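First up is the structure itself, then whatever we jot down about it.
The values are calculated or read from the model by the stated rules, or taken from the named source; none is laboratory data. These figures come from a predicted structure and were not determined experimentally. Here Cβ is always computed from backbone atoms with ideal geometry, including for glycine, and neighbour counts include all displayed protein chains. Remember, those area values only see protein heavy atoms, side chains included, never the ligands or the DNA or RNA. Shrake-Rupley method; radii C 1.70, N 1.55, O 1.52, S 1.80 Å.
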Amino acid sequence: MAKRDYYDVLGVSKSASADEIKKAYRRLAMKFHPDRNKDDAGAAEAMFKEAKEAYEVLKDDDKRAAYDRFGHDGVKMGGPGGSGGFGAEGFGDIFGDVFGDIFGGGRRSSGPQVFRGADLGYELRLDLETAVAGDNVTIDVPTQVACDSCSGSGARKGTQPVACSTCGGAGQVRMQQGFFSIQQTCPACKGAGTTIAEPCPDCHGRGRIRKTRTLSVKVPAGVDDGDRIRLSGEGEAGRNGGPSGDLYVEIRVTPHKIFEREGANLSCEVPVSFATATLGGEVELPTLDGHVSLKIPAGTQSGKVFRLRNKGVTTVRDPRQGDLFAQVAVETPINLTPEQRDLLERFETAVQAGGEKHSPRAGGWLDTVRRFFERISS
């Protein structure tokens, strides 16, 4: 019998977040609990194992990526994650993986807990030219790093942390609550498994100190507003020897004085004089590669958009060059001299004498207005 799609097994979409996947698994784990399925334990166990297998794959980023690309053939299930029943190892893992955060613990461990450092975020502001071309940018990031004085142990130099007397160095204590035996973070050592008699004077026993780190970020060509760059291991230092978190650099592109960007395309507004729009001509148009000449046909109306192919930008996801869209804005003359006003009035009189052939849009608009008022008055 062919395996069901893992997303269908858990009842989530392919775009589901890690939290949504965990919640779906928790719901199914409780649904197929042995105490709730005594009349059909065999079928319930099969459903539980199917849900467990799906969760083990989809909770892991690498396994999930392989499954999304190659299906079941891309994932090699192994260890207790791919099999197990309602025994201590099978069903008990649910509470380590899924419910551990509720009770403050994680998977069962024979030693002190280690904690991964927190992920950090940094907002990097770039101008449009830098975002399009790419660059190496230096940033200063305030973070938590391992204390040099105590090498991250939290104990004064020359001393060492000692095993916690409450949990015996395990970092966890076991609590019995009815049917369940739950491991909980030790309240005395907060999961460290050790206590510090003589704290380090520099970090005050925390093992970490606050420091501003200078990092170099390689910004790839074509990044856009909202894109994120992940710097693995550049987040906060972990505790008890845990790995450091990651740093996510979010790109913010500042507004440009000339261009607006939409993906690989650019757009801009081009002021054109009344005479050029009427008689035709050429205007100089800026691009990110230099200036180009844009031909304006005679009789061009304000709002007309001209498309200049391959004068846009590329993106990090597509190397093809976008287009530049230039919208004409016919500029109305201001601060006229008496002579200019006289010439313009005589021009206007001559244009009106020619009727709609000189102003087809105005003539059509007046006809539309006339019919509108005739309809509402009838």
> Measuring with a 1.4 Å probe in the full set of protein chains, what accessible area per residue, in whole Å², belongs to region 232-322?
Replying inline: 59
> What part of the accessible area of region 128-172, given as a whole %, is carbon or sulfur when the probe is 1.4 angstrom?
Replying inline: 45
> Hey, what's region 130-172 come to in accessible area per residue, 1.4 Å probe, Å²?
Replying inline: 51
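So for Asp68, Asp246, Asp318, what's the accessible-area order with a 1.4 Å probe, most first?
The most accessible residue leads, giving Asp68, Asp318, Asp246.
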> At a 1.4 Å probe radius, carbon and sulfur cover how many percent of the accessible area of region 242-378?
Replying inline: 53
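What FRET efficiency, computed as 1/(1 + (r/R0)^6) with R0 = 41 Å and r the Cβ-Cβ distance, is obtained for Arg307 and Asp140, rounded to the nearest 0.05? Kindly include the intermediate steps, with their values, before the conclusion.
Numbers: r = 42 Å, r/R0 = 1.04.
My answer for the efficiency is 0.45.
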>> Can you give me the distance in nm between label points at Arg4 and Arg317, each placed 7 Å from the Cα along the Cα-to-Cβ direction?
In response: 3.2
> Using the beta-carbon distance between Ser149 and Ala65 and R0 = 45 Å, what value does 1/(1 + (r/R0)^6) give for FRET efficiency, to the nearest 0.05?
Replying inline: 0.65
> Can you give me the Cα centroid spacing of region 109-163 and region 260-286 in angstrom?
Replying inline: 49
> Sorted by mean Cβ packing within 10 Å, highest first, what order do the peptides 160-170, 212-222, 335-345 take?
Replying inline: 160-170, 212-222, 335-345
> Based on the Cβ-Cβ distance of Lys31 and Ala275, what FRET efficiency does E = 1/(1 + (r/R0)^6) give at R0 = 51 Å, to the nearest 0.05?
Replying inline: 0.10
>> Rolling a 1.4 angstrom probe over the protein chains, ignoring ligands and nucleic acids, what is the accessible area of Tyr55 in square angstrom, nearest 10?
In response: 10
> How many nm separate the modelled label positions at Ala329 and Val162, each set 7 Å beyond the Cα in the direction of the Cβ?
Replying inline: 7.6
> Whose amide H sits under 5 Å from the amide H of Ala155, counting only residues 5 or more places off or on another chain, with H placed in the peptide plane?
Replying inline: Cys200
>> Take Asp19 and Ile258, extend 7 Å from each Cα along the Cα→Cβ direction, and tell me the distance between the two endpoints in nm.
In response: 4.4
> Taking amide H positions as placed 1.01 Å from N in the peptide plane, with prolines and chain starts having none, which residues 5 or more places from Val219, or on another chain, fall under 5 Å of its amide H?
Replying inline: Asp135, Asn136, Val137
>> Test of understanding: what is the full-extension gain from Asp225 to Ala41, defined as 0.36 nm times their sequence separation minus their Cα-Cα distance?
In response: 60.9 nm
> Which pairs in the list Lys63/Lys190; Lys31/Lys190; Lys52/Lys190; Lys22/Lys49; Lys63/Lys211 are over 24 Å apart, alpha-carbon to alpha-carbon?
Replying inline: Lys63/Lys190; Lys31/Lys190; Lys52/Lys190; Lys63/Lys211
